[in-house]
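What follows is a short report on a single structure.
Rule-based calculations on the coordinates, nothing more; no lab input. Since we're looking at a predicted model, the values are computed, not measured. Heads up, the Cβs are rebuilt from the backbone with ideal geometry, glycines too, and the neighbour counts pull from every protein chain shown.
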Amino acid sequence: MNDDKVKVFYKMLEKISKDSQEHLMYKIFYSINDLDKSIEFLKKLEMLPKNSLKMLLAYYTADQKKVTLELEDNETYNSILKKGIKLSQELGLSNSLELCILYTYLLWNGYFSTTKVKPFEGKVVSNPFSYNDEKNIGICLNYSDLLKDFINMSKYSSAIIVNKPSNIKINYSPEIMRNIKVNMLKAMKKNLSFHANLCASNLVIDKEGAYIYDPTNILLFELENVKKAKLINGEGTCKINSYYTHIYNLSKKSKSTLDYMYFSDNLKSPYSRKDFIFSFEMCMELFKDNIKLIYDYYKDIYKELKNLNLKQEKYTLKK
């Protein structure tokens with residue numbers, strides 16, 4: 001790309017905020033198939049973080065591989081998710097938050113696992129289905145990746161958000177069974193230390209606005225801006241890491257979901273703390289009363305989970 005084109009692009013960027021400029025830079029990087037050209041472009045614009053080129057290329061290459069692997073199991077993987085959305089309709093769930101709660105219930109009660117157990121272990125697992133269900137491996141990134149695909153199968157949209165929590169104090173923690181045998185906070189601190197205690201969660205776009213939902217710790221955040229969000233079911237904030245956030249959102253729908261965060265005037269959460277508590281309490285009773293329907297879903301997808309598991313074995317990335 002010649003210098004004249006770079007100057008023209010700079011003039012276009014002057015019309016939007018600095019944060020939105022950064023967002024566009026990452027989008028350009030992932031939209032250019034020729035890596036050499038995209039790197040040349042970003043270097044001229046001086047948009048690459050210092051000493052991060054090798055890391056960026058490594059994640060880009062790995063994620064491109066994951067996209068290819070996902071296509072191999074696409075039909076089976078999507079079938080599991082579609083049946084999950086159908087289950088939500090049969091249960092009468094009416095909004096995106098209730099869909100997130102259903103996913104959380106299914107995940108932590110082992111309904112995405114052939115062993116019906118979901119312990120928390122510090123191993124990152126690649127797509128197509130975001131974790132290895134037989135070995136029950138996964139961390140917050142894998143859970144958010146699966147939730148992203150689950151939500152995107154519905155009429156709502158989602159993207160992975162990588163953030164760093166700060167001074168978190170939870171004043172409402174839902175009663176939900178977790179098939180795990182470790183201390184969650186200790187496990188997170190130990191297993192995420194190589195990412196400077198970063199945590200993955202989900203940006204969810206509802207018809208009324210947007211919010212961040214953390215399926216690992218069951219937290220609800222409201223965006224203050226594109227860099228920061230405040231906890232709704234407690235006190236504290238999280239700082240959004242745009243660098244890792246863009247790396248983990250390669251799909252077309254996820255990238256367009258990030259556009260909303262950077263360019264929309266409405267970042268207010270459609271759900272308050274009161275809504276969050278009411279929705280969780282209501283859903284827990286609903287799931288308890290309809291446990292047969294939920295278990296029928298599990299029986300229906302069991303063979304598909306087994307088929308995915310056999311193929312996933314060679315895709316596991318151990319840290």
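Remark: for residue pairs 148/228; 148/239; 116/155; 83/230, the C-alpha separation exceeds 31 Å in 83/230.
Taking the number of Cβ atoms within 10 Å of each Cβ as an exposure proxy, the fewest-first ranking of 282, 153, 261 is 282, 153, 261.
Note on 226, 162: ascending count of other Cβ atoms within 10 Å places them as 226, 162, the fewest first.
Hey, got a sec? Which trypsin sites (Lys or Arg not before Pro) in the stretch 209-272 land in a DSSP loop and have at most 15 other Cβ atoms within 10 Å? The partial results should precede the final answer.
On the way: sites: 227, 228, 230, 239, 252, 253, 255, 268; in loops: 227, 268.
Passing both the DSSP loop test and the Cβ count: 227, 268.
With only Cα atoms counted, the stretch 223-290 has Rg and Dmax values of 15.4, 43 Å. Between the stretch 285-302 and the stretch 78-93, the C-alpha centres lie 11 angstrom from each other.
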